[in-house]
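The values are calculated or read from the model by the stated rules, or taken from the named source; none is laboratory data. Here the structure is a predicted model, which means the values were calculated and not measured. Glycine also receives a Cβ, built like all others from the backbone with ideal geometry; neighbour counts cover every protein chain displayed.
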Amino acid sequence: MAMSVVPMHPVIGAEIKGVDLTKPVDQETQAKIRKAFEDHVVVVFRGQDLADGDQVRAGEIFGKVVLRERPPVGDLSTQGGNWDTPFMYVTNIVENGKSLGSFGDGEMWFHHDTSYYEEPHRATLLYSQKLTSWGGETCFANQYAAYDNIPRKLRDKLEGRKVLQMHDYKRRERLNLDVVDLAKVRHHVQPIFITHPATGRKSLYVSRLMTARIEGMPMAESEEILAQLFDISEDPSIVYEHKWKIGDLVCWDNWCSIHMRKDFPREEPRLMRRCTIVGQTMHF
Ligand SMILES: [Fe+2]
């Protein structure tokens, strides 16, 4: 069966059909998958029965699969599972009092993965293995479109500015700069708008969960502008909501999209296997 690309939303998300990721994918098909990924920002393969190695091979279509990094010393409270493997398990499953993975429960606000690294990951591949009876949807927002939707005057005012991105693994909401000790959380200053290294398109690079302030601006003004940008970044017209089925592999471009997770029942097991693709420095 030949590969086909079926858009799921006007500006973000497409399903790729006719590809069995349990087998090596030929070069021509790989190029088509990368093209669909650039065009649609999020691509979904449904009904895949993937062993660990199959997911890594699928990841290599998009770039080099990275090994999972340890969080800073003393920041292990919600982090479990193995290190030095490509996989992180996004799960609420606890065995013998120890979490099998990370980011187990509940809603998670919109964010880029690893925007607080010097070289944010290029892409994330999330594979569903156990799902709850309701909830747990992942929503993706197209940040090229968000950039285009910023009022001209505001865009001009912010051009060349930088933002502080940070994240504490223990928290699922925005950190308060008045109380947080920056030495203890991962953080990095990034351009507020980036030029996507692969497509050359401009993308808004802030998120409600991880962007703490606009550098070099009074805090009150920074807060007011960020509130406006967060709303633009999450505008429902640029959001695709993925309703998971077992065997979905969802791959998203982590430079030009943000994502959030909806709530789900804590008492039911949920298990997602995640790997990421090596990134690079973000530039204006
Ligand atoms: Fe994430």
Considering only region 129-145, state which residues are crowded, with 22+ Cβ neighbours inside 10 Å, more than 12 Å from the ligand (Cβ to nearest atom) and part of a strand (DSSP E or B). Ala141, Asn142
Please specify each residue of region 231-258 satisfying the condition of being surrounded by 20 or more Cβ atoms within 10 Å (Cβ to Cβ) and over 22 Å from Gly47 (Cα atoms). Ile232, Ser233, Ile238, Val239, Asn254, Trp255, Cys256, Ser257, Ile258
Would you be able to say whether some residue in region 189-210 is in a helix (DSSP H, G or I) and of a type in the set (Lys, Arg)? no
Looking at region 120-136, which of the residues that are among the polar types (S, T, N, Q) and in contact with a strand residue (DSSP E or B) (Cβ under 8 Å, 6 or more places away or on another chain) is farthest from Ile246 (Cα to Cα)? Thr124
Here are the criteria: (1) of a type outside the set (Gly, Ala, Ser); (2) at pLDDT 90 or above; (3) within 16 Å of the ligand (Cβ to nearest atom); (4) assigned to a loop (DSSP other than H, G, I, E, B). Tell me which single one Thr78 does not satisfy. (2)
Exactly one condition in (1) buried (at least 20 other Cβ atoms within 10 Å of the Cβ); (2) in contact (Cβ under 8 Å) with a residue 60 or more places away in the chain; (3) assigned to a loop (DSSP other than H, G, I, E, B) is false for Arg273; which is it? (3)
Could you look through region 89-128, keep only residues that are among the polar types (S, T, N, Q) and either touching a Cys at 6+ places or on another chain (Cβ under 7 Å) or closer than 30 Å to His283 by Cα (or both), and pick out the one that is surrounded by the most Cβ atoms within 10 Å (Cβ to Cβ)? Ser115
Between residues in region 36-62 that are on the phi < 0 side of the Ramachandran plot and outside any loop (DSSP other than H, G, I, E, B) and residues that are aromatic (Phe, Trp, Tyr) and at pLDDT 95 or above, which pairs lie under 6 Å by C-beta distance while being six or more apart or on different chains? Val42/Phe140; Val42/Trp252; Val43/Phe37; Gln55/Tyr127
